[in-house]
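The values are calculated or read from the model by the stated rules, or taken from the named source; none is laboratory data. Nothing here was measured: the structure is a model prediction, and the numbers come from that model. Every residue, glycine among them, receives a Cβ derived from its backbone with ideal geometry; neighbour counts consider all protein chains shown. Heads up: the accessible areas ignore ligands, DNA and RNA and are worked out on the full protein's heavy atoms, side chains in. Shrake-Rupley method; radii C 1.70, N 1.55, O 1.52, S 1.80 Å.
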Amino acid sequence: MICVRNLAKSFGSFTAVNDVSFEVAEGEIFAFLGPNGAGKTTTIKMLTTLLHPTSGSIQLDGLDPSTHQNEARKRFGIVFQDPSLDGDLTAWENMEVHGVLYHVPRKVGRARSEELLKLFELWDRRNEQVKKFSGGMKRRLEIARGFLHTPKILFLDEPTLGLDPQSRNQLWSHVKRVNESERVTVFLTTHYMDEADRVAHRIGVIDHGKLIAQGTPQAIKEQTGTASLEDAFLALTGSTIRDESASPTDQIRQFAKMWSGGRR
Amino acid sequence: MSAIYILWLRELKRYVRSHAQIVASLGQPMLYLLVLGFGLSPVFKRAGYGDYLQFVAPGVIGMSVLFSSIFSGLGLLWDRQFGFLKETLVAPVSRLQIMIGRTLGGATVAVIQGLLVTVISMIAGFRPAHLINVPLALGFMVAIAIVFSALGVAIGSSLQDMQGFQLIMNFLVMPIYFLSGAMFPLVGLGPVLTFVTHLDPLAYGIDGMRAMLLGQSAFNPLVDLAVLAAVGAVLLAVGAYRFSKIEI
C-alpha cells in the first residue's frame, strides 16, 4: 500500500531523510519510531504531499504523491503532530469543513461526526469555539476529525501526545477497529514504545535520517537481545538526548502568545 | 465548488466572530474621515475644490477595503503558524479552489468593511451626488477587494513568518494608500508623482468610486474598470501560482 524507495530530503546542507526504503502492506499497522529530529515528520510530510522529496520515489496505492497529488490525497487521512484546527470555528464546524474538503456526503458526514464526537467525548461541547478547548480536547478533536472520512491509509503523527490514558485507550481501540473492519492501513509515529509494541504489526526505526532497523516488534527485540521495545529502541538509537532548534513556527507561536493573549 | 463555498463561509464566520477586530479596524478610517475630513476642509474649500469631507470619503472607504483585503490574505500566515493551512493543503481539493475560496472570502469581508465605513461617513455628513450610481460604486469596491485580496494571498504564500509583515506594511500597503489619490486630487501633480500614482492600482479603484459617487474623476471610469480587471487577473494568477507552490 505504501512503497518508499531510496527516499531523501535535504534542506540546504542538512539532510533530514537519507536514503530510506520501506514497504507497508495493505491492512498493516506500521509504527515509525525514532528520537526527536530523526526525520519522522519530514517523511510523513513527503508521504502526504506537503513536501517534495529531494530524491527517491514514493507510491501510495500505486500512485506517486508528487505527480498525482489529488488522487493520492483522496486515499489518505492524517492526524498531524502539531495543531491544525481552526480555533475560531466550533468543534462541529471544524468537522463540517473537513467533511466538505474530503467530499464526504453531507448526511454521512453528519452521522459520522456525531458518532465520533460522542466517542471522543466532545459531543456536549460541539458548539463551542475550539480556542476555548483544553489541549487534550483539541487533540481529541483532531483525532476525531481524522477518522471522519474513511481513508485507505491513515497517517498518525504522534497522535497520543498530550492525551490522558483514557483517551489513548479509546484512540488505539478505534484504530484497531477500523484497521480490522475496514482494512485501513495505518502508518503511525509515537514516542511511547509500549503503544507501538501493542498496536503495530511491524516497526521501522529511524535515526539521523536513516532507517536503522525494521521488522516485527518481536524480531527487533530479538535482534537487539532486549526484553522490551523501549530497551531495543535505546540499544538502537543510543541514550543521548536530541535537541531540535526552534523552528520559525515555534518562534512565531511564542510571539503570538505574547501579543494576542490567546486570540486563537 | 463546495470547497470554495465552505472556505468562503469560514472567512465570513471568523470575521463576524472577531468583534474586537471589527471595532478596531474602524478606528483608523474614522480618524482619517473625521480629523482630516473636517480639519482640512477649510483649506480645501479656499483652494476651490469644494467640501473635503465629500472628496475624502470615497478615499477612506477605499482605504478600509484595501487594508481589510490585504490583511485577510496575510491571514494565510496565521493559518500557516496555527496549522489550519495544513489541513486544507492535504485535502483532496485543488489548491486553486482553496485559493479562490480564501480570496473570495477575504474580498467579501473587505466589502462588508467598506460598507460599514460608507455608513459611518454618511453619518458624518457624506452625501453621494448620484444615488443611482451607488451600486456601481459598490462594483468598484468589489473590484478593489478582489485585486488586493489576491495580492494579499500572493504575499502571504511567499512569506514564512511575520517578520516580513512590517516591511510589507511600510513599503507596500502604506505607499499604495498614500499614492492612490485617496487624500488629494490627482490633478496638477509634478511629473514624478503623476507617474507613480498612475502605477497604483488603488488609484483607479478610488477614482472609479469617486466618479460614481461624486461625478468627478481624474481618469475615465471605463479605464478605471479595465485597469482593475487587468491587474486583478494578473494578481489572481500570481496568487494562485504562489499558493500552489507552498511547502510546509
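Worth a mention:
- Across the range B:77-97, the number of residues qualifying as at pLDDT below 90 and either away from chain A (no Cβ under 14 Å) or farther than 18 Å from A:LYS45 by Cβ (or both) comes to 2.
- Listed conditions (1) surrounded by fewer than 18 Cβ atoms within 10 Å (Cβ to Cβ); (2) polar (S, T, N, Q); (3) closer than 17 Å to A:ASP207 by Cα are all met by A:SER13, apart from (3).
- Subset of the range B:119-142 [farther than 24 Å from B:ALA226 by Cα and either modelled with pLDDT of 95 or more or in a helix (DSSP H, G or I) (or both)]: B:VAL119, B:ILE120, B:SER121, B:MET122, B:ILE123, B:ALA124
- Condition met for A:ALA111 (open to solvent by 10 Å² or more (accessible area, probe 1.4 Å) and hydrophobic (A, V, I, L, M, F, W, C)): yes
- Residues (open to solvent by 40 Å² or more (accessible area, probe 1.4 Å) and at pLDDT 95 or above) located in the range A:83-104: A:TRP92, A:GLU96
- In the range B:7-55, the residues that are in contact (Cβ under 8 Å) with a residue 12 or more places away in the chain and open to solvent by 60 Å² or more (accessible area, probe 1.4 Å): B:TRP8, B:GLN28, B:MET30, B:LEU34, B:PHE38, B:LEU40, B:TYR49
- Checked against the criterion of being within 11 Å of chain B (Cβ to nearest Cβ) and farther than 13 Å from A:LEU148 by Cβ, the range A:8-30 contains one or more residues that satisfy it.
- Residue that is within 12 Å of chain A (Cβ to nearest Cβ), surrounded by fewer than 23 Cβ atoms within 10 Å (Cβ to Cβ) and either part of a helix (DSSP H, G or I) or of a type in the set (Lys, Arg) (or both), where the choices are B:ILE100, B:ILE4, B:ILE112: B:ILE4
- Scanning the range A:60-115 for residues that are in a loop (DSSP other than H, G, I, E, B), more than 29 Å from A:THR43 (Cα to Cα) and more than 7 Å from every other protein chain (Cβ to nearest Cβ) gives a single hit, A:PRO105.
- Residues located in the range A:9-59, provided they are touching a residue at least 60 places away in the same chain (Cβ under 8 Å), in a strand (DSSP E or B) and aliphatic (A, V, I, L, M): A:ALA16, A:VAL17, A:VAL20, A:VAL24, A:ILE29, A:ALA31, A:LEU33
- Pairs where the first residue, in the range B:226-242, is within 14 Å of B:ALA107 (Cβ to Cβ) and the second is open to solvent by 40 Å² or more (accessible area, probe 1.4 Å), C-beta under 7 Å, 6+ apart: B:GLY232/B:ILE146
- In the range A:147-184, the qualifying residues are those that are of a type in the set (Gly, Ala, Ser) and modelled with pLDDT of 90 or more, and the one that is farthest from A:ASP197 (Cα to Cα) is A:SER181.
- Subset of the range B:202-230 [part of a helix (DSSP H, G or I) and hydroxyl-bearing (Ser, Thr, Tyr)]: B:TYR204
- Selection within the range A:36-89 - of a type outside the set (Asp, Glu) and farther than 23 Å from A:GLU158 by Cα: A:THR54, A:SER55, A:GLY56, A:SER57, A:GLY62, A:LEU63, A:SER66, A:THR67, A:HIS68, A:GLN69, A:ASN70, A:LEU89
- Taking the numbered list (1) open to solvent by 10 Å² or more (accessible area, probe 1.4 Å); (2) away from chain A (no Cβ under 11 Å); (3) polar (S, T, N, Q); (4) over 17 Å from B:LYS13 (Cα atoms) in turn, B:SER121 passes all entries but (1).
- Checking each residue in the range A:57-82 for being open to solvent by less than 10 Å² (accessible area, probe 1.4 Å) and under 21 Å from A:LEU33 (Cα atoms) picks out A:ILE58, A:LEU60, A:PHE76, A:GLY77, A:VAL79.
- Taking the criterion of being over 16 Å from the mean Cα position of the chain (by Cα) and within 14 Å of A:PHE233 (Cβ to Cβ), the residues of the range A:167-210 that qualify are A:ASP194, A:ASP197, A:ASP207.
- Condition met for A:LYS45 (within 16 Å of A:SER10 (Cα to Cα) and at the interface with chain B (Cβ under 10 Å from one of its Cβ atoms)): yes
- Count - residues of the range A:116-138 that are in a helix (DSSP H, G or I) and open to solvent by less than 50 Å² (accessible area, probe 1.4 Å): 6
- Top-ranked residue of the range B:143-201 - restricted to ones that are of a type in the set (Ser, Thr, Tyr) and either assigned to a helix (DSSP H, G or I) or without any contact (Cβ under 8 Å) to a residue 12 or more places away in the chain (or both), ranked as surrounded by the fewest Cβ atoms within 10 Å (Cβ to Cβ): B:THR194
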